[in-house]
1. Kindly establish whether Ile369 is β-branched (Val, Ile, Thr), assigned by TED's automatic domain parsing to the domain that holds Lys286, surrounded by fewer than 18 Cβ atoms within 10 Å (Cβ to Cβ) and within 14 Å of Val283 (Cβ to Cβ).
2. Just wondering, is there one or more residues in the range 563-585 that are of a type in the set (D, E, K, R), at pLDDT 75 or above and under 19 Å from Ile485 (Cα atoms)?
3. Take the residues in the range 29-42 that are in contact with a helix residue (DSSP H, G or I) (Cβ under 8 Å, 6 or more places away or on another chain) and not aliphatic (A, V, I, L, M); name whichever of them is modelled with the highest pLDDT.
4. Which residues, counting only those in the range 156-203, are at pLDDT below 85 and of a type in the set (D, E, K, R)?
5. Would you tally the residues in the range 232-255 being among the polar types (S, T, N, Q), surrounded by fewer than 16 Cβ atoms within 10 Å (Cβ to Cβ) and assigned to a strand (DSSP E or B)?
6. Does at least one position in the range 379-390 carry a residue that is within 20 Å of Arg277 (Cβ to Cβ) and either part of a strand (DSSP E or B) or in contact with a helix residue (DSSP H, G or I) (Cβ under 7 Å, 6 or more places away or on another chain) (or both)?
7. Please name all residue pairs, on different chains or six or more residues apart, with Cβ atoms under 6 Å, provided the first residue is in the range 181-194 and is closer than 13 Å to Arg54 by Cβ and the second residue is buried (at least 16 other Cβ atoms within 10 Å of the Cβ).
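The values are calculated or read from the model by the stated rules, or taken from the named source; none is laboratory data. Values in this document were obtained by computation on a predicted structure and should not be read as measured data. Ideal geometry is used to build each Cβ from the backbone, glycine not excepted, and the neighbour counts take in all protein chains shown.
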Amino acid sequence: MKTIREPWNREGYYDIPNFWAWDLTSNTFSISDNVNAILSLPSQTINNLDTLKRHLFSLDTKWLDFNIVKELTKDENYFEQEIRLYNADGNFQFFQINGYVELRDAHNYAVLLKGTFTHISYLIEYPEKLPAPPVHKTEFELIINSIEAGIWDWDLQFDTIWWSSKFYELLGYQDGGISTSFNTFFNTLLHQDDKAKVEQLIGEHLYHHKPYKTDIRLLCRSGEYKWFQTSGQAMWNKEGKPIKMAGSIIDITETVNYKSSLLKNEFLLNESAKLARIGAWEVDLKTQKVYWSESTKAIHEFPSHLETPSLAEAFLYYPEASRAMVAKAFDETIALGKAFDVSCEFLTYLQNKIWVRVIGSPLFDTQGIIIGVRGVIKNIDEEKQKELFLQDSLKIIHEQNKKLVNFAHIVSHNLRSHTGNLEMVSNFIEECDTEYEQKLLLDSVKQISKQLSETISQLNEVLVTQSQVQQPKVRICFDEMLTKIKSQIQSELVLSSARIKSNFTSCKSVYYIPAYLESILTNLLSNAIQFRKPEVCPEITLSSWIENNKIILQIEDNGVGIDLEKYKYKLFGMHHTFHKHTSGKGFGLFLIKNQLDLMGSKIEVESQENIGTTFKITF
């Protein structure tokens with residue numbers, strides 16, 4: 001046996017009578033033109049593997065399958081097989097194929113086959129005689145014609161087929177209106193996309209006794225394809241060779257179209273649900289089983305391959321506050337038959353918090369008893385976030401409007417007051433008679449100018465605070481910030497003998513705008529020193545911790561305190577003072593509140609007169 005590749009002249013094989021060669025490496029097949037002469041076909045009609053397959057009886061095509069041939073020649077150098085080829089009249093002729101392995105590769109697989117073919121139709125014995133088909137008008141034929149199915153009977157030995165009248169009718173033909181042969185069925189009537197499936201299923205049935213039943217498309221006389229369900233049963237001889245196969249076709253076009261329409265509608269419904277972010281759900285109260293549509297699972301971010309959670313597990317997707325509301329609505333539906341519609345927060349399988357709208361209504365049986373609850377769930381997070389953002393924006397706008405009104409009031413009232421005083425004093429200066437009077441009036445001008453300068457400085461500080469909100473947040477250590485501020489107000493601390501204690505162990509830092517935090521703490525510490533009790537050393541305690549995922553900073557003093565019942569709503573207003581014995585200007589708390597509002601932080605106050613004040617800031 002040769003193991004070295006040798007070139008071969010493919011064209012030369014056409015001239016050798018009844019010779020063929022197959023290069024399995026390139027899948028190149030050559031065959032003598034004599035095969036066309038035997039089949040009364042034009043020269044070169046069959047000249048390669050594809051043209052040979054087209055004229056081969058469908059049940060014999062497996063012998064030209066690359067993998068089958070490769071396996072067949074794995075351990076054998078010689079093989080032979082009978083095949084059937086269609087001649088020019090559409091009838092098949094028997095041939096014996098003899099082949100041998102000319103060349104193998106390093107893995108001992110055949111790569112080049114050569115051989116001969118021999119026409120043996122005249123040697124084939126007359127096939128087994130089958131029972132004659134029923135005569136016309138027999139009871140069997142009447143039954144066949146009365147059912148809504150086309151009957152077919154296939155003689156596998158001579159490739160002859162019989163079709164019932166209903167078979168022709170289903171295809172739109174009169175009896176005998178089209179040639180009855182397997183070749184006609186397979187190559188003319190059967191849809192191209194169904195051929196491989198039918199060929200495989202027939203082969204599995206004939207040679208492996210697997211059931212033959214499938215849906216196919218057949219070309220009708222009108223030129224359109226219709227869907228049919230076909231099934232069949234073969235008959236085998238004593239040697240196990242298939243000799244006959246019979247079966248039926250049933251028109252299922254309407255059923256297929258209906259299913260297709262259902263699938264299309266289901267697809268559109270699912271896609272619409274995805275786009276609208278709406279999912280369906282249902283609870284069977286008897287079994288306590290829960291059904292979720294694919295869109296519902298998507299809203300839950302729940303893996304589609306997992307089993308739908310139980311009713312108790314489904315409720316756990318709602319945070320505690322929302323769970324009570326949804327459970328109450330669900331229970332009322334079961335008890336009172338009352339539909340519900342609630343919007344609430346929701347926690348997905350991946351622990352993402354979103355807003356959902358849940359709608360449910362009761363399901364009744366024929367006796368009017370509630371047997372389940374059915375409804376939809378909609379992801380409304382985007383809409384809800386917009387709503388919350390709008391509410392926050394309106395709140396901010398409202399606060400900004402208040403500040404603008406306040407700012408306008410300061411500008412119109414305070415500046416007008418100062419300018420009016422200046423104008424009045426200027427008029428007095430022009431009318432006074434003595435230098436002494438002029439000196440007194442000039443001193444008044446200086447005092448008014450100083451007050452005007454302070455007011456302008458305060459207005460500027462408000463504007464600076466507004467602009468600083470664009471600065472980046474950085475990590476600020478409370479201890480470091482306190483040390484810096486204590487050095488800045490050292491003289492106040494010494495003069496007042498103030499003592500400052502701090503405890504930042506629970507939360508050591510915060511991300512904030514440094515200028516804001518420095519201004520807030522400076523003002524609060526300065527106020528604690530300024531509004532101390534007479535003859536009592538100020539004690540100020542600062543502490544920080546985390547509460548509900550928020551950072552808390554608390555400043556507590558033992559000062560004179562504030563009457564909150566009287567001044568609660570004026571506490572953070574501009575130029576509001578609450579103690580007569582001090583020189584406060586009512587600007588520090590206004591500035592602190594303005595800075596905290598800009599950062600979305602919150603400040604709370606607890607105070608009692610002659611006991612002290614506690615400010616609690618939530619970042």
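1. Considered against the rule, which asks whether it is β-branched (Val, Ile, Thr), assigned by TED's automatic domain parsing to the domain that holds Lys286, surrounded by fewer than 18 Cβ atoms within 10 Å (Cβ to Cβ) and within 14 Å of Val283 (Cβ to Cβ), Ile369 comes out as no.
2. no
3. Pro42
4. The one that is at pLDDT below 85 and of a type in the set (D, E, K, R): Asp159.
5. Count: 1.
6. Yes, the range 379-390 contains at least one residue that is within 20 Å of Arg277 (Cβ to Cβ) and either part of a strand (DSSP E or B) or in contact with a helix residue (DSSP H, G or I) (Cβ under 7 Å, 6 or more places away or on another chain) (or both).
7. Filtered contacts from the range 181-194: Phe186/Ser58.
Yes/no matrix, rows are residues, columns are (1) at pLDDT below 90; (2) of a type outside the set (Asp, Glu); (3) part of a helix (DSSP H, G or I):
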site: Lys328; (1), (2), (3): no, yes, yes
site: Glu332; (1), (2), (3): no, no, yes
site: Val342; (1), (2), (3): no, yes, no
site: Gln351; (1), (2), (3): no, yes, no
site: Val358; (1), (2), (3): no, yes, no
site: Pro362; (1), (2), (3): no, yes, no
